[in-house]
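Enquirer: Dropping the structure in here first, questions after.
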Ligand code: ACO
């Protein structure tokens, strides 16, 4: 099914062609689309954490807000062409700092690969895409939080361990 450019979170041309070329012919890598609620986005996110379905209307509201913040939210998805369902996704968002001469920091969030597609290097491909989007946006670093179990995966993606995460639930 073809999706028009204004239905995408950011321009598809921002995704490097070299990344797309390394995907198998059964898969497509593209920006999140407003219609991806119907392509199993929430089912996919449950491999990551509790992700109750917020419904199509709230999904469109959240998508529209993100789309209205230029050069800030980049969510990419991998679609299984035959089923037209999402099988992987990930987000990078750009934080604008006062420090570092008004530098930009890329935050990677919500990486998920469906169970049946894990081990096919889709996670790696999503991270490489997000890293490149952060670089293109002008960020000087990219950071993320993960569980201890996922440290080897992120090391293979080129990250190194630094600092500790703190949390306070509100
Ligand atoms: N422990 C050790 N090595 C791992 C792990 C792991 N948990 N996961 C992947 N790897 C290795 C692979 O073996 C592979 O190594 P190789 O290049 O030597 O063969 C390399 O990392 C790349 O693996 P991929 O095939 O790209 O990994 P995959 O597509 O399965 O995605 C992911 C990895 C994202 C962790 C996936 O398993 C997943 O969705 N898990 C559940 C959700 C989750 O934990 N998401 C990350 C949360 S953190 C965040 O969002 C910032």
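Each reported figure results from applying straightforward, stated rules to the coordinates on display, with no laboratory input. Every value quoted in this text rests on a predicted model; they were computed, and no experiment measured them.
Enquirer: Compute the distance from the alpha-carbon center of the range 8-26 to that of the range 73-123, in whole Å.
Expert: 12 Å
Enquirer: Still on this structure, I have one more. With a 10 Å cut-off between alpha carbons and a GNM built on the chain, which of 149, 14, 26 moves the most?
Expert: 149
Enquirer: Calculated from DSSP H runs of 4 or more alone, at -39500 (n - 2.57) each and per residue, what is the 222 nm mean residue ellipticity of the chain, nearest 500? If you can, show how the numbers build up before the last one.
Expert: Details: 6 runs with 48 residues, N = 170.
Roughly -7500 deg cm²/dmol at 222 nm, from the helical runs in the chain.
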